[in-house]
Amino acid sequence: MKDKVETKEQPISELVEMHRRIAELEASEIQHERVEKVLRRAQVELNKQVKELTKELAKANEELRIEIAEREQTEELMDILVVAGRTNIVAVRTSIDAISVASPVDGKLIFCNNAFLKRWKIKGDYHNLHYIDCFEVDPESDVLMKAVQATMAGGWFGKLMGKAMNGQTFPIHVNTAPVVNKDGSVVGLLGIFKDLTESKRAEEALQESKKRYRLLADNAA
């Protein structure tokens, strides 16, 4: 009788053990799926971060490339000016006259000395400024286009109205010349600007004095 009871209990215990193992396997599979989901999410996030980092690195490299190119171009321009004997880099940077060099390709400013930055009230990077932004001209006037064409051909001089970054306008006398490299190619448009504000005020004051003198003379007569 005892043997029969043990025989019946044995299949039951085996069945319980089988269910336990099945439960463990199911739990293991569930845990495995959870781990895989976590790993997949981590992989997606990692790929996203890698893409963002790659994009940022590409942007930084491009900005560095542009900065180096602009610096080399500016140094080349200064070397050309020195070799040409027109001036030297210290004189250019510290000149009381405003001096700038614009690109003949896109018209953007390549170099500005301290006087130019101060008079035009430019703060920070100026390399995205176009030379047109620095003048007050009639939209229908072609004076700037003619000045650039004359500069490319050898030089130009005349009077224009400058326009600072805050919108202030002022009269200036302009002398321009092409900056040419050793191959004879024009690599810059050099402009030297003299502020005529004070001389204009003095001229207006002189004219006013003459007008008053004539008025006094007429009254005395």
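Would you calculate the volume per residue, in Å³, of the smallest convex hull containing every Cα atom of segment 86-204?
In segment 86-204, the Cα convex hull volume per residue is 118 Å³.
Can you work out the Karplus-derived ³J(HN,Hα) for every residue in segment 52-61? Use 6.51 cos²θ - 1.76 cosθ + 1.60 with θ = phi - 60°, whole Hz, and x for glycine or proline.
Those phi angles translate into 5, 5, 4, 5, 5, 5, 5, 5, 5, 5 Hz.
What full-extension length gain, to one decimal in nm, is calculated for ASP142 and GLN31 as 0.36 nm per residue of separation minus the Cα-Cα distance?
32.3 nm
Near the amide H of VAL187, under 5 Å away, which other amide H atoms are found, from residues 5 or more places off or on another chain, if H is placed in the peptide plane?
VAL179, VAL180, ASN181
Which far-off residues, 5 or more places away or on another chain, put their amide H under 5 Å from the one on LEU129, with H placed in the peptide plane?
For LEU129, whose amide H was placed from the backbone, the distant partners under 5 Å are LEU109.
My understanding is that a pair violates if its Cα-Cα distance is over 25 Å; which of LYS121/LYS159; LYS108/LYS194; LYS118/LYS146 do that in this structure?
Beyond 25 Å: LYS118/LYS146.
Between segment 189-214 and segment 123-152, what is the separation of their alpha carbon centroids in Å?
Centre-to-centre distance over Cα atoms comes out at 24 Å.
Given points 7 Å out from each Cα along the Cα-Cβ axis, report the LEU64 to THR169 separation in nanometres with one decimal.
Label at LEU64, label at THR169, 4.5 nm between them.
Could you tell me which trypsin sites (Lys or Arg not before Pro) in segment 177-208 are loop residues by DSSP with no more than 16 other beta carbons within 10 angstrom of their beta carbon?
LYS182
What is the spin-label model distance, in nm, from ASP183 to ASP125 if the labels are put 7 Å beyond Cα along the C-beta direction?
The two pseudo-label positions are separated by 2.6 nm.
Any read-out appearing in this document is the output of simple, stated calculations on the displayed coordinates, not a laboratory observation. Owing to the predicted nature of the structure, the values given are computational and were not obtained by experimental measurement. Every residue, glycine among them, receives a Cβ derived from its backbone with ideal geometry; neighbour counts consider all protein chains shown.
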